[in-house]
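Take a look at the structure below.
The values are calculated or read from the model by the stated rules, or taken from the named source; none is laboratory data. If you're wondering where the values come from, they're calculated on a predicted model, not measured in any experiment. Here the Cβ is made from the backbone with ideal geometry for all residues, glycine too, and neighbour counts use every protein chain on show.
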Amino acid sequence: MVFGAVAWYRLNKMNRLKVTGAEHLVGLDDHNVLFVSNHQTYFMDVSAMYLSLCHTRRGHVNQTHKIGPIARPVTNLYYIAAKETMKSGLLPRALALSGSVSIDRTWREAGKAIQRGVNSGDLNSIRTAIKDGWVITFPQGTTKPFAPGRRGTAHLIKELQPVVIPVVINGFRRAFDKKGLRSKKRGVALRMNFKAPLVYDATCDTQELMDRIMDAIEQSPKYQRPFRKFEPDSTRHIS
């Protein structure tokens, strides 16, 4: 409740969050829905999405400014997060209580690359959450833009065949620090766009499905701006 109020103030008063595409969520079942999104901050991304989804489930489509959904939050909204991240402070621990499905990273820990097998208990927790409600995940597993997606997301989709909703967010990196706990700038136009359910074939190749997901959340190479190398103007002379 307290964290929700803080997030509400930062998103609606300190900055300007605009949500589009939430009409795609109207009429969906209240379970077996997976939201896949790009990632810009550890906590404010998921807070904004949680706030928007609570509004939508209460009938306030494309809105986040009402107080009611904070006072009466939807209980079967979950998000997948690294255990290490959710134990990194008091606020993350409080946020974890709101619906975190905490998992062990298999590729990175304490800032170092590692190789670790998938925890079967973590997978079972994710399966249970998807079967029970709406689940948010960030397939890249990092806030670094255009990082490759982790194929574990595709494996889960092929197995459980949920409704998959791609989400694209923007502006959070300018407004907040990497963790999303500290404000860097006020008055930033924050954007969150829910796209139509992803059309996919559960029998397709895992990498092919992952490529479709990355394209849908606009993190595929075609969305990456080409780097323009600076070349001095040879026609100019310094006197």
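Scanning the stretch 175-216 for residues that are in a helix (DSSP H, G or I) and touching a residue at least 60 places away in the same chain (Cβ under 8 Å) yields Ala175, Met210, Ile213, Met214, Ala216. Do you know which of the residues in the stretch 1-57 that are closer than 19 Å to Gly133 by Cα and among the small types (Gly, Ala, Ser) is surrounded by the most Cβ atoms within 10 Å (Cβ to Cβ)? Checked the stretch 1-57; the qualifying residue surrounded by the most Cβ atoms within 10 Å (Cβ to Cβ) is Ala48. If you go through the stretch 203-213 and pick out every residue that is out of contact with any Gly (no Cβ under 7 Å at 6 or more places or on another chain), hydrophobic (A, V, I, L, M, F, W, C) and within 9 Å of Ala154 (Cα to Cα), you end up with 1.
Between Ala48, Ala7, Ala22, the distinction of being touching a Leu at 6+ places or on another chain (Cβ under 8 Å) and either of a type in the set (Asp, Glu) or in contact (Cβ under 8 Å) with a residue 60 or more places away in the chain (or both) belongs to Ala48 only.
Contact annotation: residue pairs with Cβ atoms under 6 Å, 6 or more positions apart or on different chains, pairing a residue in the stretch 66-93 that is modelled with pLDDT under 70 with a partner that is of a type in the set (A, V, I, L, M, F, W, C) and not in a loop (DSSP other than H, G, I, E, B), are Met86/Ala96; Pro92/Met86. Being β-branched (Val, Ile, Thr) and either surrounded by 22 or more Cβ atoms within 10 Å (Cβ to Cβ) or modelled with pLDDT of 95 or more (or both) is the filter here, so list the residues in the stretch 117-163 that pass it. Residues satisfying the conditions are Ile130, Val135, Ile136, Thr137, Thr153, Ile157, Val163. Does Gln219 satisfy being touching a residue at least 40 places away in the same chain (Cβ under 8 Å) and in a loop (DSSP other than H, G, I, E, B)? Yes; evaluated as a whole, the condition is true for this residue.
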